[in-house]
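Presented below is the structure to which this report refers.
Since every read-out is calculated from the coordinates, none of them should be taken as a lab result. Keep in mind it's a predicted model, so treat the numbers as computed, not measured. Quick reminder, even Gly has a Cβ in these numbers, built from the backbone with ideal geometry, and neighbours come from all protein chains shown.
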Amino acid sequence: MTTRIMFVCLGNICRSPTAHGVFETLANRAGVDVYVESAGTGAWHLGDPPDARAQQEAAARGYDLSGNRGQQVTGADFARFDLIIAMDHSNLIALERLRPIESETPVQLFLDFTQSSHTEVPDPYYEGGFELVFELIEEASRGLLDQLQKASAVAPNSL
Ligand code: 4NP
């Protein structure tokens, strides 16, 4: 069964497209059946490709983010996905405000899937730090994938 996952950050041009590209690539390599999208809580970059700095960092590590185009998360996405993953606490709060009253779709912080001392993937848009962003996203992607693989070994239809 396909697990449908949406990654969310603020602008959908740095962190969430990176999470989308890295997680999808690792899942495909591992033969884990996922459908992945990413979105921003803000609307400044609708239709935009990922930030050149994110694309460069990804390309240096063998990932291609070039196909992503910015979109904004909506309440309807809660019914389209099994799991919504936020890059930081403010994304998490914005998502909980969008949640339709009837929705029980889990929303989790991405770094909950790591042992990292960081709790958030830091916003690199103004301050930089794309290398750390990438390292955290790779670790969290492995952790999430591991969890999906363990869950499917126990109960095929659970997360
Ligand atoms: P992201 O980074 O949330 O990781 O995509 C940002 C991109 C753009 C803006 C803020 C954060 N912005 O204010 O335009």
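Side notes on the structure shown:
- Cα-based shape type of the stretch 67-159, given that a ≥ b ≥ c are square roots of the gyration tensor eigenvalues and the cut on a/c is 1.5: oblate
- Amide H to amide H distances under 5 Å link TYR35 with THR3, ARG4, ILE5, where only residues 5 or more positions off or on other chains count and H is placed in the peptide plane.
- Cα centroid separation, the stretch 118-141 to the stretch 1-80: 14 Å.
- Computed [θ] at 222 nm, helices only, for the chain once each DSSP H run of length n ≥ 4 contributes -39500 (n - 2.57): -12500 deg cm²/dmol
- Tensor-based shape of the stretch 3-153 (alpha-carbon gyration tensor, a/c under 1.5 rounded, otherwise prolate or oblate): rounded
- Protection proxy ranking of 103-112, 83-92, 7-16 - average other beta-carbon atoms within 10 Å, highest first: 7-16, 83-92, 103-112
- Amide H to amide H distances under 5 Å link GLY70 with GLY47, ASP48, where only residues 5 or more positions off or on other chains count and H is placed in the peptide plane.
- The gain in end-to-end length when the ASP64 to ILE101 segment is fully stretched comes to 9.7 nm, 0.36 nm per residue minus the alpha carbon separation.
- Membrane-span-like helices in the chain, defined here as complete DSSP H runs extending at least 24 Å along the helix axis by their C-alpha atoms with mean Kyte-Doolittle hydropathy no lower than -1.0, are 130-154; this is a sequence and geometry rule, not a statement about a membrane.
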